[in-house]
Each structure stands twice: as structure tokens, then as C-alpha cells.
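Novice: Let me begin by handing over the structure; questions about it come next.
Just so it is clear, none of the values below were taken in a lab; they were calculated from the coordinates. Please read all numbers here as calculations on a predicted model, not as lab measurements. Neighbour counts are summed over all protein chains in view; Cβ atoms, including those assigned to glycine, are modelled from backbone coordinates with ideal geometry.
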Amino acid sequence: MLSRVAENIYWMARYLERAEDTARLIYSTSNLLLDLPRNAEVGWYELIRVFGAETQFKELYPEAEDERTVLKFLISDKANRDCIVNCIRGARENARVTRDIFPFEVWEQINELYYFSTEHAKASLSRRKRHEFLYDFIRSCQTMIGISMGTLPQDEAYQFLRFGRNLERADMSSRIIDVAAAQLLPEEEDINPAFATIRWMGVLRSLSAFQAYRQQGLVGISGSAVLQYLIQSREFPRSMHHCLLDVSICLKSLEKSHKPRRRVNALLKEINAVDIKSLRRSGLHQYIDEFQLGVGHLHDAIADAYFGHH
Amino acid sequence: MPIDFSKYGPVTGFDEMISAKGNPRLMARQLCRYFSGLNDDEIEELKRASDLAIKSLGISFTVYSEGSNIDRAWPMDLIPRVISSKEWEVTAEGLKQRLTALNLFINDLYNKQEIIKEGIFPRDVLAGSQNYRPQCEGITPPYGVWAHICGSDLVRDGDGTQYVLEDNLRVPSGVSYMLENRHVMKRVFPELFEDIDIMPVDDYTTQLFEMLAALSPRRNESPEVVVLTPGIYNSAYFEHSYLAQQMGAELVQGSDLLVDADDFVYMKTIYGLKRVDVIYRRIDDDFLDPEVFRKDSALGVSGLLRAWRKGHVGIANAPGAGVADDKVVYAFVPEIIRYYLNQEPIIPNVPTYLCMRDEDRDYVLAHLDELVVKPANESGGYGLLLGPYATKKQLKTFAKLIRENPRNYIAQPTLNLSTVPTLVEDGRVAPRHVDLRPFTLQSKKLYSTMGGLSRVALPEGSLVVNSSQGGGSKDTWVVDVGGGK
């Protein structure tokens, strides 16, 4: 497989995942806000923090923190490189230059996803249409993953698709966790923010993890148990731990993988070692910062080994 | 209002599918009956289905507009163009005959030049050729074949005579649209394919791969064949990726390849360098190798010509093959066929005046307002003069250009291109002008597509079939009506 092609496939998967996770986050936040009283002091602007886009957002819209501006920024704002529509465009461009690699159905689906998102993104800014748009969009992204898993030969191309998806997912999950913890994790032992339970449920839902979490049979929903699940679960496909586990499995099937493998193993070791129950707000934030840095280094190691940038 | 072929027209010349009396020709009869039986809603529904198929299959072409390129959905007309298999058999033979002769001619030009020595082909014409590559002299590629893929343009005049209008030997495109049009039609009209004996076109990519594989310098292994594209900004990128995918070949850009110290070609893979055996290049000669051709080319591969000259890699079409893709050379093709094959041409040339000949030039200058004047080396309809439609000023400019550089111009009578029934606004069917681009392959053996890509000029009366200028396309059916009729 060509180095350039491996890199295109990797980025296609990252863009797709980024778009899907953004849609998930908006979807669950919309639902959560419906459940909270008006004075709950949780706002749409939190989403800008999740993406670490505060500086860019403030430059574009110095005065605004409202629902419409935030959503436009995340869904269809041309000025935001990472908005859903731009991510899908990026995924499609990368798919276009590797069109010969993918089974035809994959290209067909990404093409439909592209037309669907460009045609409906604007309408989705209204509340009534938003639910439908996001729901369909997330489903289409999942269809895309399903089609590629079901039709792509499980050779190198498939591994680079999985790298991209899992690295991006690990990063996005960690962002969602980070912001949730900043709002919901008590800094002091006994002061719990308002509506903590329902908001933790919202965090689980944004990662489609609510049911899976429940099935563990735990009583109640506590912040530290949710965090533990989303960070350390070996089974749940969007947990930070699981994403990296998948990367390490992919690496085993490739040659020349010793350097990235060393990286991913170190990250996995850290995930297992961290004692979540004892972490307070700042400790968790620091850990997640380091984790995101580690994911960045893992990306570099993969790029060095396979994308031929020397 | 259902389609009524008896009210079809006006046909000013020859119509491919409807006879002068207004009856569908034999091979188009079933098809016309089917379309006549559709009501407006059904036609609208079929159009929608076909647009959707084109969009979701991602069949697009690229147009440049104000510095950026736009991906447009491919325009395809619902009504296919039908050719009888009996007629096609003859045409296909003619195409193979022509390509065989052209390859003998190219190989002769780069080696002994016997056709010049015998006074059949003028040395001046070769000297004035922009596409002759002295760097290729003394080479005989495998099978003596230089132009492995030829996309000829066929047209029919008002009296029904079919001509070859051009031999495209450099990097002819359009074959993917031929294949995708069929793909869309099968989705939209499955019942027609059950009822009518339509010859399949699907084997083209298999034939292409076999033809390319036969150029591999390594005999006993499965050869590494790649498609070399200038990249996504090229208007034919869709086709490059499509063909690579269908052949299971790598789609590479110049930057993915290198020629190493051993003069072999390698591609850069995730596990290091891998040897390449055959390159199906979709880049013009000029950009192929900055070491010998244009120095500023970032699209090509340094040292490629060196590797090819040593026989280390096959290149299709071979560098220099474009020498025979020249409108002055075109005028000599009937002579070329007679000289090398000792046969009469099966498909005639459009009568062509060579402005380099005094007698022809006098005639051209005297009849400029009736003729089509073409520069020798341009393709895609650039720099053309359409005499009957030209202004006084344009005629004057061309007269001057011809006098200054006669070698660079040819002239042909204005053809009244044949028409085909085409779906136009408000669900009507009207005649529109059409041409045909079949594709012919040659390495170890010869192959011709079943039909080809039919391009239609959509505006009424227009003769311009290029998709970038409002042209559309049609699926082309070679239909067996049985009984040798």
C-alpha cells in the first residue's frame, strides 16, 4: 500500500469520527438541556470548551454564547475547520484521492453523507429539524463504518481506517469526559452540583454508553463510576481504554510497528494505573491533558513509521 | 403527453434511430416502443431515478470556473443511442485496422523511416511535428506498439456516411463514463436489459488490464501495474481512480514514484520501495519526466524515460506516441493504411485540405466561410474556426494565420452531424447532434469496445458535444437484432 494512500485513509477515518462525535455531543446536549430547569447554568457554550475552540469562537463572535451561534459554529460554519460539514468534506476529499482502494459502496455512502450534510445542515439549526438531522447523520456515519467493516478486505487499508477512527475517538471521548468532569466533579468532598445524576446520564448518552453502563448492574449513577467506565472499560467501544486497545491490535498485524507499539502500550499502562476514585477535578484534568498529548505522540509514531514523512 | 416518434423532428440530415419516413429503425424499434408507452409521470420518475443513481454513484466531471474547480454531476440522457451489431462489427474492424497501421507508422518514424524514404509521408511534416520526441528514436517497445489505447472520434454526415474525425493517441478519456452510463441504465431500466439483446461493455477494464500486463518486463510474476494521475484537480481524475479501482491497480501520483540508481521504477509504500512494472500514464509527454521533457513539471517522475528506454518498465501510451495524433498526419492515415497493411481503409477519413499544399491552401482561403479550420496539434476543440458561423473579422484573422503558418492548419467541410432522439425540456423528444468515441486497445492482441461513449450537444442545433460546454452523454447500445439483418 502506498504511504500517501495510508495517510489519506487514516485522515478520512479521523474526519468521519470527528463529525460523528460532534453530532453525538450536540444531540445529547440538546436532550439534556430539555430536562434541566432554565436556571441550571449549563449552556451551549460548554460545547465550545469541549473542542478547545474558545479563542477562535471569541474572535469570530465576541458577543455571542447563544444556542444558534454555537450550533452554527459546530455544524456548518465555514470558518470552523472542524465543523461537521467541513469534516465530512475533508473525509470525502481524502476518500476521493483513495477512491480506487475502497469498495464502491463505501464511496457511495460517503458521497451520500456529504450531500445529506451539505443540504440539510442549515435547516438543522432550527430546533425542530435538529433532532432529525443529527439522528439521521449519526446513523449514516454508523452505516459508513458498517459498510467498510463488511466490505473492505481486512488488509492494511482496514488497519489505517481503524487507526484513524480509534485515535480520533479516544481524543474526542477524553474531551467529553474532561468538560463533564470540570462541571460535575466536586472539588470538595461533599458539595455535589445541582442535577448531577441527570447530567452524568447525559454524558453517558453522548457516548451511547448509558445502556451499557447500566448493564454492569451498578446501583445508582455516581461521577467516579461513570468516569471509570468511560476511561477504563475494556468492553465499551468508545472508552479511552478500548480505543487504544484496538489500535494496539491493529499494530500487531502490521510490520515495522515496534515504535508505535511501544507508545500505545505505555498509554494503556497509564490508563490501567490511574486511580479514578481518588482523583479530584484538577487531577483528572491534568491526567486527561497528558492522555491527549500521548495520543498526539502515538499519531506521530504511526506517521513516522508508515506515512513516509522523514 | 406520451412520446410520439411520428411527430419527431425536424431531422435535417441523418438520424441514427429514426428513418427519414419517421419510423424507428429496426434495432431501435423495441426501445422506441417502450418509450412511447411511458406517460409524463413515469418519465419524470425515471429521470429522478437516474439522477439519483448518478449522484450516489459519484459520477462527476470537473469544470474549472474562476480559478476553482467544481464537481458536477455527470449529464446523461435517458434515451440510449442504438447501433446495430452488424454495423458495429464492421466499424470495430475498421478501428483495429487503423490502430494497427498507426502503430506500424509510429515505430517506423522512430526507427528506419521507410515511409519517408519511399516518399509517401513528407519529411517536412515530421520536421514540423510538435509531438515528435527525438528522445525516443531507436526504440522499439514490446510488440512494436506505441499507442496502446486509442480513443477515436467517429461522426456521421448528413448522407449517413461514417467517418473517423480524430485519432486520440495521447491520453484519451471518457471510457469510464461509457461504463458508468451503462451501470446507471441497468439500475434504471432493468426490464429493457431483459428484453433486448444489448451487448455488454463491462469487460473493458479486464481487457485494459490484460493489455497493460502484457507490457511487463517481468514475465513470470504477477506484474505491478499502476495508473499515473496528475491528481484530483485533473478533470479526468474520476476516470483515473475508476479505472485503477476496476483493475485493482494502484493509483499513483508522480510523487509516489521514483527511479532509483538501478534505473528501475519504484513506488513508495508503507513498507518501503516496491518495483513497478507497467505504468498506465494519464499525464501528457511534456510533464512525464522533468529530466528530459519540461523541467518545471512536478507531476512526473525524474528518470522515467531512462527506465523505459532500458526496457525496465512498460509505459502506455509510450512516450512519443502522440506524433501520430496530429491533424496533418491524420490526412495521411488512408495512405498509411495502404502502405503498411496493403488494405483499403474500412472507415474513411473526413475529406481534409492540407494548408501546406499550395493547391489546397488556395481552395481553403477561397472557401473559408464554408469550412472548418483546425490547428494541427490542439485537442478538445481549441483554436477552431467554424466558417459558416464565423464573423468577417474571425475569417480575416484565420486567413492571416493560415498564410503565416500553413503547416499548422487543416480544413474540412462542415459536416451536418447525425442526430439522435434526446429528451429535452418539458418531456419532449427532439433530435440532437451526436458523435461516438469508441476505445481500441493494442499490445499482444487487439480489442475494441462494444460501441463507445456517445456525446450529444444538448442545445438545439448545437454541434459542440464537450461536457464542459453543455454537452451530454448517452448510453450506447450495440443491439443484436438477430438473423443477420
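Novice: Stokes-Einstein diffusion coefficient for the range B:355-413 at 20 °C in a medium of 1.002 mPa s, Rh from the Kirkwood formula over Cα pairs: what value in µm²/s?
Specialist: Stokes-Einstein gives a translational diffusion coefficient of 192 µm²/s.
Novice: Could you list A:Arg262, B:Arg309 so that the one with the fewest beta carbons within 10 Å of its beta carbon is first and the one with the most is last?
Specialist: A:Arg262, B:Arg309
Novice: Report, please, the projected area of chain B averaged over directions, based on the convex hull of its C-alpha atoms, in nm².
Specialist: Mean shadow area of the hull around the Cα atoms is 24.7 nm².
Novice: Report, in debye and to the nearest 20, how large the dipole of chain B comes out about its Cα centre when Lys and Arg carry +1 and Asp and Glu carry -1 on their Cβ.
Specialist: I would put it at about 680 debye.
Novice: State the extension gain, in nm to one decimal, for the chain segment bounded by B:Ser19 and B:Asp260, taking 0.36 nm per residue of separation less the distance between their alpha-carbons.
Specialist: 80.6 nm
Novice: Next question, about the same structure. Test of understanding: ordering A:His297, A:His285 by Cβ neighbours within 10 Å, fewest first, what list do you get?
Specialist: Exposure proxy ranking, most exposed first: A:His297, A:His285.
Novice: Could you work out how far apart the two model spin labels at B:Asn416 and B:His367 are, taking each label as a point 7 Å from the Cα in the direction of the beta carbon, and quote it in nm?
Specialist: In this crude label model, B:Asn416 to B:His367 measures out at 1.6 nm.
Novice: Here is a follow-up. Mean separation of Cα pairs under 8 Å and 6+ residues apart, divided by the residue count of the range A:154-310: what relative contact order is that in percent?
Specialist: Once divided by the residue count of the range A:154-310, the mean separation gives 29 percent.
Novice: Can you give the three extents of the C-alpha atoms in the protein assembly as shown along their principal axes, from longest to shortest, in whole Å?
Specialist: 105, 70, 55
Novice: Can I ask one more? Using 5 Å bins from zero, what percent of all Cα-Cα pairs in the range A:154-310 falls into each bin?
Specialist: Using 5 Å bins, I get a P(r) of 1, 9, 19, 21, 18, 13, 9, 6, 3, 1, 0 for the range A:154-310.
Novice: Further question: Give B:Lys374/B:Lys396; B:Lys96/B:Lys186; A:Lys256/B:Lys274; A:Lys58/A:Lys78 a once-over and call out the pairs whose C-alpha atoms are over 20 Å from each other.
Specialist: Violating the 20 Å Cα-Cα cut-off are B:Lys96/B:Lys186.
Novice: Sort B:Phe193, A:Phe73 so the one with the fewest other Cβ atoms within 10 Å of its own Cβ comes first.
Specialist: The order, fewest Cβ neighbours first, is B:Phe193, A:Phe73.
Novice: Taking every DSSP beta bridge with both residues inside the protein assembly as shown, roughly what % is antiparallel (nearest 5)?
Specialist: Bridges in the protein assembly as shown that DSSP calls antiparallel: roughly 75 percent.
Novice: Also, I was wondering about something else. Kindly state, to the nearest 0.05, the FRET efficiency for B:Ala73 paired with B:Lys392, given R0 = 35 Å and r defined as their beta-carbon distance.
Specialist: The pair B:Ala73/B:Lys392 has a calculated efficiency of 0.30.
Novice: For labels at A:Lys58 and A:Arg81 in the simple 7 Å Cα→Cβ model, what's the distance in nm?
Specialist: It works out to 2.0 nm between the two label points.
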